[in-house]
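Report on the following structure.
Values quoted throughout were computed directly from the atomic coordinates according to the rules given, and no laboratory measurement underlies them. Computed from a predicted model, the values in this text were never measured in an experiment. Every residue, glycine among them, receives a Cβ derived from its backbone with ideal geometry; neighbour counts consider all protein chains shown.
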Amino acid sequence: MAVFVALGAFLMTLAGGWTALRVTDRRHLVLGLAGGLMLGVVGLDLMPEALDAAGTEVFGVPAALLLFVAGFLLAHMVERLLAVRQAAHGAEESDGRAPQVGLTAAAAMVGHSAMDGVAIGAAFQVGGGMGAAVALAVVAHDFADGFNTYTITSLYGNARRRALTMLFADAAAPVLGAASTLLFTIPEQLLGGYLGLFGGALLYLAAAEILPEAHHDHPARSTLLCTIAGVAFIWLVVGVAG
């Protein structure tokens, strides 16, 4: 049942990526929406789950928040190091961006989607009702995952073929993650730490790359409205799933 439900996440992820692919003539709106979706996922979905799952504190600060900050800094360092390395070798960049950053970010999205599949499988092990609730949340926000995976990969100058490859990997990841729960489960505290780290990296990409690029050539109110709509969509998904 868990693997069957994960197939819904597979299709929803592809739908999100297809949407990002088809509206390239409104690139600023796509980026504005992607930034809002990422902000909503981090603030309204990932971090509450991370704080609840990680639990422990380190010197008075929740471990999930420390890992959130570490994820933000890690994403920043990876981007800078790859950009400097590429510039040192005389390679061309896309608008000053290293394509490897886009691939790294997309790979992180794939890893997160695999964890979504694990969450579905683990929830069905607890009970059918729990599994259905988790599956609803995962399938609903996998549209945003697919949209963001294709957008991030493309934004950093990667070819369309690479962006589509990462999209299909992101779509397949929940199915593989759900199937893996037949073999093992992940401790709750470890899962909470992972969510915090991933949330920090995702917020960096949204705040430092996606949103500034969205408003670079088109500082329009429609772009801002798309960002707000992205946050509102994730809020709606979280509210319905809860």
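Would you mind putting 10-23, 145-158 in packing order, based on average other-beta-carbon counts within 10 Å, highest first?
Top of the packing list down: 145-158, 10-23.
Give me the net charge for the shell around Thr13: Cβ to Cβ below 12 angstrom, other residues only, Lys and Arg +1, Asp and Glu -1.
-4
Evaluate the distance, in nm, between pseudo-label points positioned 7 Å from the Cα of Glu57 and of Ala229 along their respective Cα→Cβ axes.
So the label points at Glu57 and Ala229 sit 4.2 nm apart.
How do 201-210, 71-80 rank on mean C-beta neighbours within 10 Å, highest first?
My ranking of the peptides, most packed first, is 201-210, 71-80.
Tell me the net charge near Ala64. Cut-off is 12 Å between Cβ atoms, Ala64 excluded, with +1 for each Lys or Arg and -1 for each Asp or Glu.
-4
Let me check I've understood the local charge: for Leu167, count other residues with C-beta under 11 angstrom from its C-beta, Lys and Arg +1, Asp and Glu -1. What total comes out?
+1
In whole angstrom, note down how far apart the Cα centers of the stretch 151-172 and the stretch 32-84 are.
If you average the Cα positions of each part, the centres end up 22 Å apart.
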